[in-house]
Amino acid sequence: MRALLIANAVDADPGFVGERFRHHGYSFDECIRERPEEWPALDGHDLVLLLGSEWSVYWPEVAEYVAAETALIREVHRRGIPQFGICFGNQSMAHALGGTVERAREPEIGWHQITSDVPDAIAEGPWMQWHYDVVTVPAAAEELARSGVGPQAWRMGRSFATQFHPEANEAMLARWSAGAGAAELERIGSSSDELMAATRVNTRTSREHSDLLVDWFLERSSEAPSGI
C-alpha cells in the first residue's frame, strides 16, 4: 500500500507513527511542502500523513504552499482516503475542512497530559507538544481530546488529526531542542537537557500509545463512511 507523506524539507521524519504505518504494509512517497509542483498524483495512494512544521497556516509568506496543501486535503477527504494530520498537519486540516486556526493564548511545549474521550485509543499521555497555535474543529467533526489550551484530537469521516506529536522519538527531540529550539525552551523556563531527560522517560510509553493510536485510526477508517 502506498501513502503520501507531507512534510517540510528540514523535517520529514514520521517517527513512531511512520514505523507503525510501515508495520501495516504502507510505503511512503515523500512530498516536500516547499515544492508542491513535484508532488506525485493522488491516484494510487491509500493514505496521507501530514507532519508538523515551524509554519503557521496564516503566515502570508507561505500562503501558496498552504493553498496547495489545503487543496490536497480537501480532495483526499472528498475521495474518502484516510488522512492523519499532526500539529501543523492538524492545523492545515482544520483550515481546509471548515475549522479555524489562530494564535494560542499560551504555547504548549514539552510533555503534557490531555483529556481523552476514548482513552483506550487516544491515550491521555504524556504526549509531546510543541506549538503556538490552536484550532477550532470543523462543525461536522467530532472532537475526541483536548487540553486547557484547545482541541487535541478530532475526526471527520476518514480524516483524523492530533495537535500533539505521537510520532516524536528521542532522535527527533534532539534535533528540535538544538539551536533555535534551545532558545524557545529557555523562553518558557526549560532547557534542552530538561526536555531530553523527560523524553527518555516518556517515550517508553508514548511509543506504545502511538502504536495503539495508529491501529485505532486504521480500524476506524475502514469503518467510517467517506466524504463526511
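The values are calculated or read from the model by the stated rules, or taken from the named source; none is laboratory data. Note that this is a predicted model, so its numbers are computed, not measured. Using ideal geometry, Cβ is built from the backbone for each residue, glycine included, and neighbour counts are taken over all protein chains shown. Protein only, heavy atoms only, side chains kept; ligands, DNA and RNA dropped before computing areas. Shrake-Rupley method; radii C 1.70, N 1.55, O 1.52, S 1.80 Å.
Quick notes on this structure:
- Filter result for the condition that a residue is open to solvent by less than 60 Å² (accessible area, probe 1.4 Å), in a strand (DSSP E or B) and closer than 25 Å to Leu213 by Cβ, over Phe28, Phe21, Phe16: Phe28
- Looking only at the stretch 70-92, and only at residues there that are within 25 Å of Gln129 (Cα to Cα) and assigned to a loop (DSSP other than H, G, I, E, B), the one that is most open to solvent (accessible area, probe 1.4 Å): Pro82
- Looking only at residues of the stretch 137-151 that are more than 22 Å from Gly110 (Cα to Cα) and of a type outside the set (Asp, Glu), we find that the one that is most open to solvent (accessible area, probe 1.4 Å) is Ala139.
- Scan of the stretch 148-165 for residues that are closer than 17 Å to Val76 by Cα and small (Gly, Ala, Ser), ordered by number: Gly157, Ser159, Ala161
- Of the set (1) in contact with a helix residue (DSSP H, G or I) (Cβ under 9 Å, 6 or more places away or on another chain); (2) free of Cβ contacts under 8 Å to residues at least 40 places away in the same chain; (3) surrounded by fewer than 22 Cβ atoms within 10 Å (Cβ to Cβ), all apply to Asp193 but (1).
- Hits in the stretch 110-133 (condition: part of a strand (DSSP E or B) and either open to solvent by 20 Å² or more (accessible area, probe 1.4 Å) or closer than 15 Å to Glu208 by Cα (or both)): Trp111, His112, Thr115, Trp127, Met128, Trp130, Tyr132
- Residues located in the stretch 73-86, provided they are in contact with a helix residue (DSSP H, G or I) (Cβ under 8 Å, 6 or more places away or on another chain) and either under 16 Å from Val101 (Cα atoms) or in contact (Cβ under 8 Å) with a residue 60 or more places away in the chain (or both): Ile73, His77, Pro82, Gln83, Phe84, Gly85, Ile86
- Enumeration of residues in the stretch 48-69 that are in contact with a Phe, Trp or Tyr (Cβ under 6 Å, 6 or more places away or on another chain) and either hydroxyl-bearing (Ser, Thr, Tyr) or outside any loop (DSSP other than H, G, I, E, B) (or both): Leu49, Ser53, Val62
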